[in-house]
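Below: the structure, in structure tokens.
The values are calculated or read from the model by the stated rules, or taken from the named source; none is laboratory data. Values in this document were obtained by computation on a predicted structure and should not be read as measured data. In this analysis, Cβ positions are derived from the backbone assuming ideal geometry, glycine residues included, and neighbour counts consider all displayed protein chains.
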Amino acid sequence: MSPFKKILIIDDEAPIRKFLRLSLTTEGYTVIEASTGKDGIRELIASRAELVILDLGLPDLSGEEVLLKIREWSKVPVIVLTAKGDEESKVKVLDAGADDYLTKPFSVTELLARLRVAERHASTQDPPSSIFQSGPLSVDLSGRIIKLSGKEIHLTATEYGILRLLVKNAGKVVTHRQILQEIWGPNSVEHTQYIRVYVGHLRKKLEPEEAAIKLITTEAGVGYRLRVP
């Protein structure tokens, strides 16, 4: 059963809200709407929505401002709607706390796929002692034991640190900046070549060449996403 029942849409365009409302109610979701950033924040507090779909182009506050205000007190999943398809805009909202993004125009199929990603990520938020499983990969964060098809795999400290960050955010895009700050510290945010090298090492160890589905997917120019079950 889906962990999400109520979804809040914050968008000033009535046709977009109608499209989203019809698409989501057909799938069994309850939809709450707001046309401004301030109303959206009030509705989130009042309705206790379990996911937010947030447009960046609002009449009163920018979408980034709304996102930052939400993140001051809530970890509710937020999927951002943006007409900007450039990498810089996507990285900016992800670093501000968004869980995912949709670039306009988008289809119902893509919208529902993004919701499933958010739902799977929410379902993996188990106690630290739990074991994360995705296909042949098994990660025991408490014991620092990584297995592939039952065989234990040795990782360096840096490789493990990157994998641990991806596991803790499984299903979400983790940006280059987030990885660099977590693993190498705030003074290394421009050195994305570090990440490419170590993610390459991880892939060689965790993704058999014959595997049809890759465990670590690349969001071009943005970051990486770990596939969830």
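Failed condition for Gln193, given (1) loosely packed, with under 15 Cβ neighbours inside 10 Å; (2) at pLDDT 85 or above; (3) assigned to a helix (DSSP H, G or I), with all others met?
(2)
Lys151: more than 30 Å from Thr26 (Cα to Cα), within 12 Å of the chain's Cα centre (by Cα) and surrounded by fewer than 20 Cβ atoms within 10 Å (Cβ to Cβ), yes or no?
no
Mind telling me which of the residues Leu202, Leu163 ends up being at pLDDT 90 or above, farther than 26 Å from Leu102 by Cα and surrounded by 17 or more Cβ atoms within 10 Å (Cβ to Cβ)?
Selected residue: Leu202, the only one of Leu202, Leu163 that is at pLDDT 90 or above, farther than 26 Å from Leu102 by Cα and surrounded by 17 or more Cβ atoms within 10 Å (Cβ to Cβ).
Is at least one residue of segment 74-90 in a helix (DSSP H, G or I), crowded, with 20+ Cβ neighbours inside 10 Å, at pLDDT below 85 and charged (D, E, K, R)?
yes
Run down Leu44, Leu61, Leu56 and say which single residue is assigned by TED's automatic domain parsing to the domain that holds Glu110 and out of contact with any strand residue (DSSP E or B) (no Cβ under 6 Å at 6 or more places or on another chain).
Leu61
Given the options Ile41, Ile45, name the one that is over 26 Å from Gly221 (Cβ atoms), touching a residue at least 12 places away in the same chain (Cβ under 8 Å) and more than 20 Å from the chain's Cα centre (by Cα).
Ile41
Do we find that Glu33 is assigned to a strand (DSSP E or B) and either modelled with pLDDT of 95 or more or on the phi < 0 side of the Ramachandran plot (or both) in this structure?
yes
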